[in-house]
1. In whole Hz, with x marking every Gly and Pro, tabulate ³J(HN,Hα) for the range 276-293 from phi via Karplus 6.51 cos²θ - 1.76 cosθ + 1.60, θ = phi - 60°.
2. At a Förster distance of 41 Å, what's the computed FRET efficiency of residue 354 paired with residue 10, Cβ-Cβ distance as r, to 0.05?
3. In what sequence, highest mean first, do 35-43, 351-359, 259-267, 363-371 appear when ranked by Cβ atoms within 10 angstrom?
4. Under the rule of at least 5 residues apart or a separate chain, name every residue whose amide H is placed under 5 Å from the amide H of residue 252.
5. Under a Cβ-Cβ cut-off of 12 Å, what is the net charge of the residues other than residue 288 that fall near it, where Lys and Arg count +1 and Asp and Glu count -1?
6. Quick one: which of 304-311, 317-324, 151-158 comes out on top by average Cβ neighbours within 10 Å, and what's the full order, highest first?
7. How high is the relative contact order of the range 142-371, given as a whole-number percent (alpha carbon pairs under 8 Å, six or more residues apart)?
8. Which of [x] 21.7; [y] 22.9; [z] 21.0 is the computed Kirkwood radius over Cα pairs in Å for the structure on display?
Amino acid sequence: MSEPVNQARRALNETPADRLVGGVGDVLVRSYGITDVELYQVDYRLSELLPLTEGDPITSPGHPAWRAFDHQSPILTDGTAWFPVSMRGERRGVLCLSPVPDDREVLAALADISTALAHELAAVSAGTDVYRAARRAQRLTLAAEMQWDLLPGRSRIRPSFSLAGQLEPAYAVRGGSFDWSDDGQRLWLSTINGTGEGVSASLLTSLATHALRNARRAGLSLADQSALADQALYDLYRGERHLSALLMELDLRSGMMTVVDAGSPRLVLLRDGEVTEQPLEAQFPLGMFEATDYHEQKFPLERGDRLFVVSDGVLEATGQNVRYGETALDRFLRRTGPMAPLDAVRSLIGDLRAFVAGDLVNDAVVVCLDWNGPQP
C-alpha cells in the first residue's frame, strides 16, 4: 500500500467526524497537488448526487459522476476524476478530485482512499448529522426519518450473493421497510409491507423489525421469529393493527431458501430470462391473532437466480387511471437481468415514477437478491 494511502487512512482516523473530506483533502494536496476535493452523496431517492459543501446537484444520467457511480469504477475527464465511494456494496456516492494526472498508480491509490473514506463515513454517521443532512434533496417526513434510520443499508455484496432494496416515496415513506443480516453461513432477509399512515405506521413497522431482530439474534428459527414478532404486535395492539411480512433465510453453503409468508409482498423469481411468481404458503399477517403458529417452507435456488420482493404499492401504482400491474412488472423485471441489484431496483422505481408521473402515493418496497452460488 502506498504511503499517501496510509497517510489518508491515518487522517481519516484522526480527523473529527465532521471534517473527513477536509482531512483527506489535506493529504491529497501534499501528495498529489490535488486542490479541489468534493464529496457527492446519492440522495434518498437515488436520483441526485448532492455535494457535501458547495456546487449544484448532479442529475444528468450521462454525467461522469453518474457513470462512476453506476459502473463502480473511476472516471477521468480533462483532469477531473470521479471515484466511487462504496464499501461492501453499499454505494454512498462519488468523490470528485482535480487536477488528477492520467497515471494508473495514482488512480489506483485514489480509488483506495475513496474506499477508505466510505468505511469511515459508515463508522461516524451515527455520531454526526453532517452527512445525513447533506444527502437529502428535500425534507424527510418524520415517519420517513424513522424508516430510513431503521434500515441496515441499501445494498450489500458478498461473493455468494448481491442484495439491494429501496423505499418509495423516499421522502415520505410510512410503514414499508426491509431488513437483512448475514454471518457468512446464512443470510436473513425480511420485507415488511406496512399499513397505516404517518408516524403510527412507522412505529408499527419499527416494533415488528426490532422484534424480528431480537428473535434472530437469539438464534431462533424463522418460524419462531415470526411467532415472537406476531406476539409482540398482538400484545400491544390486540389485533387492531397488523402488518404483512416476508421472512427469508438463505443457506449460503447450499442455496436452500427457507421462507415464512405472513401475508407477504410478492416474491418473483428471474431464472434464465424467465419470470415466475414463487408459490408461497399464505399465512396470517403479524399481529392479527393471538399465538399464531407459523410454518416454514423451503425451496432451492440455482446459481444465477435473481429474486425480487415487491410490495402491493408497486403493483397498485396508478397512472392515468391504469394500474401498473403484474404484466408491466414482469416485462420490466426481465430487462433487469444484466443490471446489478441496486441498478435493477433503481430502474424499477424510476419506471414506476415515470408511470405515475411523479411520486408514488402508497408505500412501495422493492428488494432484489442475486444468488451467485456457494463460495469456498
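No lab work stands behind these numbers, since they all come straight from the coordinates. Everything numeric in this text was worked out from a predicted model, so none of it was measured. Please note: Cβ atoms are built from the backbone with ideal geometry, for glycine as well, and neighbour counts cover all protein chains shown.
1. Each residue of the range 276-293 in turn: 9, 7, 6, x, 10, 7, 5, 10, 5, x, 5, x, 6, 10, 6, 6, 5, 9 Hz.
2. 0.35
3. 363-371, 259-267, 35-43, 351-359
4. Under 5 Å from the amide H of residue 252 lie the amide H atoms of 186, 187, each far enough along the sequence or on another chain.
5. Here the charged neighbours net out to -1.
6. Ranking the peptides 304-311, 317-324, 151-158 by packing returns 304-311, 151-158, 317-324.
7. 24
8. It is the value labelled [x].
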